[in-house]
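Novice: Just dropping this structure here.
The values are calculated or read from the model by the stated rules, or taken from the named source; none is laboratory data. Not measured: the values here are computed from a predicted model. All Cβ positions, glycine included, derive from the backbone under ideal geometry; neighbour counts span all protein chains shown. Just so you know, the surface numbers come from the protein's heavy atoms only, side chains and all, with ligands and any DNA or RNA stripped out. Shrake-Rupley method; radii C 1.70, N 1.55, O 1.52, S 1.80 Å.
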Amino acid sequence: MADSDSVMAMANSRVHVVPAVLSLANPPWQREVWLDRSRFENLDHIFDVLFDDFCDADNPERYLGIGLRTEEEIELMRRLGAALNAASDEAPHDTDEEYLAAGTWPEVVAIAGRLARVMVANDLSELVRLHEDASQRQQSGPATQGESA
């Protein structure tokens, strides 16, 4: 079982990475939020999360156990990084509008959708496991205390 510090580090990382991936998988939301200059979040924020602050989409291997749970997540993150870099090549002025109009943007959305599904499923599985572990500890706790009395 992982220690509580590593569980908290994973949770802290994923609370940023998962929403960033989800936003890349949602074109209507991208247009509504990223193209609205009055909103804080834009594609720069997503790049910061996925390439600098909480992951390195170019080299995601070192984030296994930190922000990524499985080899499948690593491979999909690597593919997402490559797709984002390809879209970047089509955005000479680095604007959100250019990214969303890039011919490679549908690939970004598709890969992000697959990665989002995997990450959410893995997080839900981990949540169930943690709940089951807590439940087992709770059930075994009173019996152990009663036997020692």
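Novice: In the list ASP52, ASP58, which residue meets the criterion of being farther than 21 Å from LEU124 by Cβ, without any contact (Cβ under 8 Å) to a residue 12 or more places away in the chain and open to solvent by 40 Å² or more (accessible area, probe 1.4 Å)?
Specialist: Numbers: ASP58 fails: without any contact (Cβ under 8 Å) to a residue 12 or more places away in the chain.
It is ASP52.
Novice: Check off (1) open to solvent by 50 Å² or more (accessible area, probe 1.4 Å); (2) assigned to a loop (DSSP other than H, G, I, E, B) for PRO28 and give me the number that stays unchecked.
Specialist: Here PRO28 meets the rest and fails (2).
Novice: For the range 93-141, enumerate the residues that are outside any helix (DSSP H, G or I) and more than 14 Å from LEU24 (Cα to Cα).
Specialist: Of all residues in the range 93-141, those outside any helix (DSSP H, G or I) come to 93-95, 102-104.
The answer is HIS93, ASP94, THR95, GLY103.
Novice: Tell me, yes or no, whether the range 74-88 has at least one residue that is open to solvent by 80 Å² or more (accessible area, probe 1.4 Å), more than 19 Å from the chain's Cα centre (by Cα) and basic (Lys, Arg).
Specialist: Initially, the range 74-88 is screened for residues open to solvent by 80 Å² or more (accessible area, probe 1.4 Å), giving 75, 79.
Restricting the remaining residues to those that are more than 19 Å from the chain's Cα centre (by Cα) gives none.
Checking the range 74-88: not a single residue is open to solvent by 80 Å² or more (accessible area, probe 1.4 Å), more than 19 Å from the chain's Cα centre (by Cα) and basic (Lys, Arg).
Novice: Just checking, which of ASN12, ASN85 is part of a helix (DSSP H, G or I) and at pLDDT below 95? Steps first, answer last, please.
Specialist: Working: ASN85 fails: at pLDDT below 95.
ASN12 is the lone residue from the list that is part of a helix (DSSP H, G or I) and at pLDDT below 95.
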